[in-house]
Each structure stands twice: as structure tokens, then as C-alpha cells.
Amino acid sequence: MKNNEPHGMSVWIKERIKSAEDHIRGAFERVEEISEYNQNKVLEAFKQNELSARHFSQTTGYGYDDIGRDMLDRVFACVFGAEDALVRPHIVSGTHALSLCIHALVEPGKGMISVTGKPYDTLEESIGIRGQKRGSLVSKGSYYSQIEFNGTLDAARTLESMNESTRLLYIQRSRGYSERRGLSPVEMQAFAERIKDVYPNAVILVDNCYGEFVNIEEPTDCGIDIIAGSLIKNPGGGIAPTGGYICGREDLVELCAERFTSPGIGKETGSYAASYEPFFKGLFFAPHVVGQSLKGAMLFASVFNSLGYDSFPKPLEERNDIIQSIALGKEAHVLAFCRGIQSASPVDSHVTPVPWSMPGYDSDVIMAAGTFIQGASIELSADAPIKPPYNVYFQGGLTYAHCKAGLIKVLQEMEKEDMINTSV
Ligand SMILES: *Cc1c(COP(=O)(O)O)cnc(C)c1O
């Protein structure tokens, strides 16, 4: 029989992985419980809405009576415990989905407060935090402020910063590329209740990127008005080829839809000349895939902890998103880590990732992603800004076996350069 074990894997790598798995196996059970719960939630939504093969059909032109489009909205609304949804291949990314919400919901003269510190990098220009670019929220007469985030949602401080013209509170669920912790939908509920007691008309928006299906609840199950995210992250299950979603209160989704198309048109038009099947299939797979990537993240954290590297979160710590960061501490280690991930990728495994300057970042950034869907970070991928403290951020993995294969390549790459001290 052909030996398909990773070429030349050292005994110590095998042993480290084995003992790391022994350490985290007990916690796999909880991950599986959540996947099973969410799998049933998705199935139930398909059943309730009577999904059929005819909903996969492509449409052209205006897309009047596009039943696939309407079904996709209904199924997402159902899965996310929301009144309505806008799920579209033409929402080009998570940033686009979030930007639609912000611009649709905050009128000139009204304000938005981010309660989890600075929002994700790509939103800064949309809001107008960086520069005062034409078309930003701030340039059109809305105001923006933020509350520094210390790890928990602070309702008292938020209420102090609010007034009658505060239209939107913004929460980022995921830790993103920082050392803050991710937030669970359950902790959002208590916060939302306290805010609504005083300002019933304020709208709470959650950036749900990387958080979908990590918990059994979603923010919209927990008193949050509206959420948005990307279909090439968690809810696309690695199968949706493109797109973004918004789920929430019907009146708010309608405003977003009118911003997305046009007032007077809203959700009523929009065709898709390819099949809708991958969006449904991706949603079907998403709870499982998210579980696989969480197990992979735990394995990376556990092995690197055993080698003396700190990780955020710790292997067995509560998780509210799929991101894992590891404190590698040195530029050369970050580069070796990313080379390992790239060489374990199904696509472009022969390519060597190098740091590069990217718009929106104040340092060079290295990205390792040999993914089927371009840039899909639900697939095994890693990125890191090339600056102290030299943390690498790793996420995704369509299967646990692939995460493990990636880990082996990373360890081999670091071993080659004498970066591993196996005596710790
Ligand atoms: C990825 C991400 C975004 C933006 O999504 P894109 O699809 O890359 O535009 C926003 N917020 C968070 C927390 C993210 O992880």
C-alpha cells in the first residue's frame, strides 16, 4: 500500500499531535453537540419552507418571481431567528453587507456608536474614520463615535454616550484580527435589553462575520435587531461561491434592500444566471464545517501551547468565533507558519506567500490561502500583519483532517529552520 503519511514526518510531531488530541478530545463533544443542534436548525428551516429542486433554478433579467432568491431569504431568516433576510450573490463581501446596513439605517443628522471599539479595518472608509472619503457615512452628515472595548459589553457606558439622535449601535461579534475576545449572542441579550429600556428606537447591528454557527444561538435570536455577514465565511459552508447576507427586523431589512437596489424596488428584483443550489447546499454544510474548523483551531492552539507559544483563545477556552491566534513572537516564525499553511493547501500549494503592503493596513501583511473559492476564509487560511507582537491568525478548514495536515506542514516548516524546541 502506498504510504500517504506526510512525507518525512518526525516522530515528535506525531507524538505532539497525539497528546494534544488527548488533551482536547473531551471538548470535541461540545463542538459536536453544537454542530448537531445547528444542523437540525438548518434542516428544519428547509422543511418548514418546503425547499424543492425548483428553487435552485437560475433566472435572468429583472428576476421577477425569482423563487430561488425569495426562498433563500426565507430560509436564512428562519435559521437566524429573524423576521426577514436579504441574501444575495451580488452582495460582494461582508464589508458590502455591513456597509449597506450602516448607510441604510443611519440618516443624516443621526449617529452611530461602535460599542466594541474600532470596527473591522475595511469598514473604516465606509464610515469615514479613515480619511473623509466621498460617500462615507460621516461625509453625509451623520456622526460616529466609538467606545473602547474592554472585553464585555458595557451597557452603562453605552447609555451615557447615547442620546435621542443615536440611531445605531454597532457590535462586532468576532475578535477579528486583535486580542480582544469574541462575544456570545447570549451576552448580547442582556445588553440589548438594558439599551432598549431607555432607547427603544435605537437599532442594534451585529457584525456577525466568523461567528455563525459557533454557538447554538445567533444574535437575532437574542434581541439583536439586525446582523450581516459574508457567504464565503461560515454560512456558505465552503460551497457558496460568493455573496453576503443581512437578517433582521422586517422594516430594517427593507431599508437595506432599498439601499441595495433602489427605493421602490427593494427585494422585488434581482436575477442570478447560475444555480442557487450551492447557497442552499453551503448552508446545509455550514454547521458541520464550522465544527471542523473549531476542532482544528483547538488542535493548533494545543500543540503550540505544548511547544511554549501562547494562544488566543486557549485550546479549551470558550469560543464565539472561528479565529485562532498564536503568539509566534518573531517575523521569521510567522513566515514559516504561513509557508506551511500554503503548502498544505489544495490550490496553489507550490506558491510561496510573502508579506506585502495592502490597502487599509499600516504594516505589511502576509496571507496564506490556497482556497477553492478565492479568499474564502472558511477554508484553511492564515494571515498576519508583519509587526510586533508577531501574532499569526489562523482560521477555517473544511475538514478536521485538512487542519491536521496543515498543522503538520507548519511544524515541518518550522522544524526545518530550527524554530522548534521539543524539550519544552
Ligand atoms: C471578514 C470580516 C469582515 C469583512 O468581510 P469581507 O468579506 O472581508 O469584506 C468584517 N468584519 C469581520 C469581523 C470580519 O471577520
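The values are calculated or read from the model by the stated rules, or taken from the named source; none is laboratory data. Quick caveat, the model's predicted, so the values are computed rather than measured. For neighbour counting, all protein chains shown are included, and Cβ atoms are generated from backbone atoms with ideal geometry for every residue, glycine included.
Looking only at the range 155-168, which residues are touching a Ser or Thr at 6+ places or on another chain (Cβ under 7 Å) and either in a loop (DSSP other than H, G, I, E, B) or within 16 Å of the ligand (Cβ to nearest atom) (or both)? If you could, list the steps in order and put the result at the bottom.
If we filter the range 155-168 for residues that are touching a Ser or Thr at 6+ places or on another chain (Cβ under 7 Å), which is where we start, we get 161.
Once the filter is applied, which keeps residues that are touching a Ser or Thr at 6+ places or on another chain (Cβ under 7 Å) and either in a loop (DSSP other than H, G, I, E, B) or within 16 Å of the ligand (Cβ to nearest atom) (or both), the range 155-168 yields nothing.
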Residue in the range 359-371 that is among the aromatic types (F, W, Y) and touching an Asp or Glu at 6+ places or on another chain (Cβ under 8 Å) present: yes
Any pair with Cβ under 7 angstrom, 6 or more apart, that starts in the range 191-211 at a residue that is closer than 12 Å to R173 by Cα and ends at one that is among the acidic types (D, E) and within 16 Å of the ligand (Cβ to nearest atom): Y210/D321; G211/D321
Residue within the range 172-189 that is away from the ligand (no atom under 16 Å from the Cβ), polar (S, T, N, Q) and touching a strand residue (DSSP E or B) at 6+ places or on another chain (Cβ under 8 Å) present: no
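Search the range 25-52 for residues being small (G, A, S) and under 24 Å from E83 (Cα atoms), and hand back the single one that is farthest from the chain's Cα centre (by Cα). Before the answer, list the steps.
As a first pass, look at the range 25-52 and keep what is small (G, A, S): 26-27, 35, 45, 52.
If we keep only those that are under 24 Å from E83 (Cα atoms) too, we end up with 35, 45, 52.
Numbers: S35: 16, A45: 22, S52: 28 Å.
Looking at residues that are small (G, A, S) and under 24 Å from E83 (Cα atoms), I get S52.
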Residue count, the range 198-217 (criterion: within 16 Å of the ligand (Cβ to nearest atom) and within 17 Å of V289 (Cα to Cα)): 8
Filtered residue count, the range 244-262, keeping only those that are outside any helix (DSSP H, G or I) and more than 16 Å from the ligand (Cβ to nearest atom): 4
Residue satisfying condition, being within 16 Å of the ligand (Cβ to nearest atom), of a type in the set (V, I, T) and closer than 20 Å to P388 by Cβ, within set I323, I366, I373: I323
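Got a number for residues in the range 381-396 being more than 16 Å from the ligand (Cβ to nearest atom) and under 21 Å from N305 (Cα atoms)? Outline the logic, then answer.
Here is the first cut: in the range 381-396, the ones more than 16 Å from the ligand (Cβ to nearest atom) are 386-390.
Going one step further and asking which of them are under 21 Å from N305 (Cα atoms), we end up with 388-390.
Qualifying residue count, the range 381-396: 3.
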Search result, residues across the range 227-243 that are part of a strand (DSSP E or B) and touching a Pro at 6+ places or on another chain (Cβ under 9 Å): I227, G229
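Taking S35, is it touching a Gly at 6+ places or on another chain (Cβ under 8 Å), touching a residue at least 24 places away in the same chain (Cβ under 8 Å) and not in a loop (DSSP other than H, G, I, E, B)? Walk me through how you get there before you give the answer.
Values: touching a Gly at 6+ places or on another chain (Cβ under 8 Å): yes; touching a residue at least 24 places away in the same chain (Cβ under 8 Å): yes; not in a loop (DSSP other than H, G, I, E, B): yes.
Taking the combined requirement at face value, the residue satisfies it.
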Residue count for the range 366-407, restricted to those that are surrounded by fewer than 22 Cβ atoms within 10 Å (Cβ to Cβ) and among the β-branched types (V, I, T): 4
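With respect to G229, is the statement that it is more than 16 Å from the ligand (Cβ to nearest atom) and crowded, with 24+ Cβ neighbours inside 10 Å true?
Values: more than 16 Å from the ligand (Cβ to nearest atom): no; crowded, with 24+ Cβ neighbours inside 10 Å: yes.
Taking the combined requirement at face value, the residue does not satisfy it.
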E179 being surrounded by fewer than 17 Cβ atoms within 10 Å (Cβ to Cβ), modelled with pLDDT of 95 or more and more than 22 Å from C222 (Cα to Cα): no
Strands (runs of 3 or more DSSP E) lying entirely in the range 346-424 (those with 1 or more residues that are free of Cβ contacts under 8 Å to residues at least 40 places away in the same chain and among the hydrophobic types (A, V, I, L, M, F, W, C)): 364-368
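Have a look at I265, I195 and point out the one that is within 25 Å of G68 (Cα to Cα), away from the ligand (no atom under 16 Å from the Cβ), out of contact with any Asp or Glu (no Cβ under 6 Å at 6 or more places or on another chain) and of a type in the set (A, V, I, L, M).
Numbers: I195 fails: within 25 Å of G68 (Cα to Cα).
Unique residue meeting the criteria: I265.
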Odd one out for T220 among (1) within 16 Å of the ligand (Cβ to nearest atom); (2) in a helix (DSSP H, G or I); (3) hydroxyl-bearing (S, T, Y): (1)
L328, sole failed condition from (1) more than 19 Å from the chain's Cα centre (by Cα); (2) within 16 Å of the ligand (Cβ to nearest atom); (3) surrounded by 15 or more Cβ atoms within 10 Å (Cβ to Cβ): (2)
